[in-house]
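Data first, discussion second: the structure below is written as structure tokens.
The values are calculated or read from the model by the stated rules, or taken from the named source; none is laboratory data. Since this is a predicted model, take the numbers as computed values, not measurements. Positions of Cβ are backbone-derived with ideal geometry, glycine not excepted, and every protein chain shown enters the neighbour counts.
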Amino acid sequence: MHKKLLPHYFVSRLAVAIAALSAIGFMTEANATNGYFSHGYGIKAKGLAGAGIALPQDAFAIATNPAGLVDVVDQFSIGVDWFRPDRGAEINGNAFGADQHFDGNNTKDFSIPEIGYSHRINEQLSSGIAIYGNGGMNTDYSDNPYARFGGHGSAGVDLSQLFISPALAYRITDSQSIGAAVNFAYQRFKAHGIGVFAPFSLDPEHLSNKGYDTSTGWGVRLGWNGKFGDFLTVGATWQSKTRTEEFKKYRGLFAEQGSFDIPENYGFGLAIKPNQQLAIALDWQKIKYSQVDSVGNSIANLFAGNALGSNNGGGFGWDDSTVVKLGASYQVNDALTVRAGYSHTDQPVPDAETFFNILAPGVVSKHATVGATWAVDKKSEVSASYMHGFKETVHGANSIPAGFPPAGLGGGNADIHLEENSLGVGYTYKY
């Protein structure tokens, strides 16, 4: 095929891939690891525990720092992650029943697809698009943890977020670049088996068992990269709060009548290259969960008279998270590159907030990863990554109210835990 026709060829194929991924994304549940954000974007970055603000490796740099697009060759990439979380809860010391364990794994396996495309327009300007699962959370309890309080049937939630992000990057000088991506967000959510909270909702008819609801919204991501000699690259990135439509079917659950925006986040990165084979990446990221009332508001707001779904309604009580990611990449030979990484996340779930977070136990704080890329030839390569999220338990501290109106909930505590594994594979064609 003639070289000049390749961009058009891949754009047409990308349109088909977008439609396919959108269909897949609507049918699968994207789960995440740093709170409910993904630990990384792109199979290569996932092998580095998600580090990549200053170390772009492929078109998925758009999702981490779009300034990196100018350092990415023209390519088309597609990948998928198989994700298996192990989540559950325990209730102990409660007056309404004996101590009990609850398994939230009635749904066990999830697939998270991704597509990336990049094209260098000229020596200074590059374009691209990334389509990926931004985050999510799923629990599925066949044995309802709230049954002793009046809950019926199975219980759980299912949240998935899909981002479609076209981007441009501009090389200001030989050593400085900037980039911007527009984030179109699609969210899908359902909750079931939590009707026990209906007496404490502003709109109890729109709290639970309403099936899936969807919302869309827009935001931006900006980035900068600066190279200091051949040894050091420094990067910075900022993503605005993504303001989305309300989940109307769940306006009696989420604060502000169903609002569930995607929080602002920002970060800084370093990439050190001691030689041609070795690259070391270090990222620092801040996720502002507290900015989103439905996520950051404490369940204690209920005790102060702010019903679920109201403007200051009770929520999951999540704190802001600081994430540190460290990864290393080594080119063994012309065909093989290997990767490894480790990340640590501040615990977003306080020990006083575990009762409501039985539904969303996003408590893993430590991840270890490995990965590799095999260049089949000069045009094609296959990548793989594996992530293990070490089991983390948050033990409740006075987390079940004894005097919750009207009759109290019997006191005691809810403990929540999460452990994760994921395996990703991807294919890239360079043109």
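Within this structure, TYR41 passes the test of being of a type outside the set (A, V, I, L, M, F, W, C), assigned to a loop (DSSP other than H, G, I, E, B) and either more than 30 Å from ASN105 (Cα to Cα) or at pLDDT 95 or above (or both). For region 371-396, a residue qualifies if it is closer than 24 Å to TYR429 by Cβ and not in a loop (DSSP other than H, G, I, E, B), and the qualifying residues are GLY371, ALA372, THR373, TRP374, ALA375, SER380, GLU381, VAL382, SER383, ALA384, SER385, TYR386. Within region 303-345, being polar (S, T, N, Q) and over 30 Å from LEU253 (Cα atoms) holds for SER329, GLN331, ASN333, THR337, SER343. Does VAL323 satisfy being surrounded by 17 or more Cβ atoms within 10 Å (Cβ to Cβ) and at pLDDT 95 or above? Taking the combined requirement at face value, the residue satisfies it.
Restricting the first member to region 244-264 and to residues that are at positive phi, and the second to residues that are surrounded by fewer than 24 Cβ atoms within 10 Å (Cβ to Cβ) and aliphatic (A, V, I, L, M), the beta-carbon pairs closer than 8 Å and six or more apart or on different chains are GLN257/LEU202.
If you go through region 231-243 and pick out every residue that is closer than 23 Å to SER290 by Cα, polar (S, T, N, Q) and assigned to a strand (DSSP E or B), you end up with 3. Scanning region 348-395 for residues that are more than 22 Å from the chain's Cα centre (by Cα) and of a type in the set (Ser, Thr, Tyr) yields THR373, SER380.
Mind listing whichever residues of region 214-232 are in contact with an Asp or Glu (Cβ under 9 Å, 6 or more places away or on another chain) and crowded, with 17+ Cβ neighbours inside 10 Å? Within region 214-232, SER215, GLY217, GLY219, ASN225, LYS227 meet the criteria.
Look through region 233-268, keep the residues that are among the polar types (S, T, N, Q) and either at pLDDT below 95 or touching a Leu at 6+ places or on another chain (Cβ under 9 Å) (or both), and return whichever of them is surrounded by the fewest Cβ atoms within 10 Å (Cβ to Cβ). Checked region 233-268; the qualifying residue surrounded by the fewest Cβ atoms within 10 Å (Cβ to Cβ) is SER240.
All conditions in (1) under 26 Å from VAL364 (Cα atoms); (2) at pLDDT below 95 hold for GLU123, with the sole exception of (1). Residues that are modelled with pLDDT of 95 or more, of a type in the set (Val, Ile, Thr) and surrounded by 19 or more Cβ atoms within 10 Å (Cβ to Cβ) within region 371-419 comprise THR373, VAL394, ILE416, listed in sequence order.
Filtered by the rule that a residue be crowded, with 17+ Cβ neighbours inside 10 Å and under 25 Å from ALA54 (Cα atoms), region 181-211 gives ALA181, ASN183, ALA185.
Within region 178-214, the set of residues being touching a Pro at 6+ places or on another chain (Cβ under 9 Å) and among the β-branched types (Val, Ile, Thr) comprises ILE178, VAL182.
Evaluate region 136-154: report whether one residue or more is of a type outside the set (Asp, Glu), more than 26 Å from the chain's Cα centre (by Cα) and more than 23 Å from GLY211 (Cβ to Cβ). The answer is yes; a qualifying residue exists. Of all the listed residues (GLY371, GLY341, GLY327, GLY309), the sole one being within 30 Å of GLN57 (Cα to Cα) and touching a Lys or Arg at 6+ places or on another chain (Cβ under 6 Å) is GLY371. Of the helices (runs of 4 or more DSSP H) that lie entirely inside region 244-360, those containing 1 or more residues that are of a type in the set (Val, Ile, Thr) span 293-296.
So, in region 125-174, of the ones that are β-branched (Val, Ile, Thr) and under 30 Å from GLY412 (Cα atoms), which residue ends up surrounded by the most Cβ atoms within 10 Å (Cβ to Cβ)? Filtering region 125-174 for residues that are β-branched (Val, Ile, Thr) and under 30 Å from GLY412 (Cα atoms), the one surrounded by the most Cβ atoms within 10 Å (Cβ to Cβ) comes out as THR139. Is it the case that some residue within region 90-110 is under 30 Å from ALA271 (Cα atoms), part of a strand (DSSP E or B) and either β-branched (Val, Ile, Thr) or modelled with pLDDT of 95 or more (or both)? Looking for residues that are under 30 Å from ALA271 (Cα atoms), part of a strand (DSSP E or B) and either β-branched (Val, Ile, Thr) or modelled with pLDDT of 95 or more (or both), one finds none in region 90-110, hence no.
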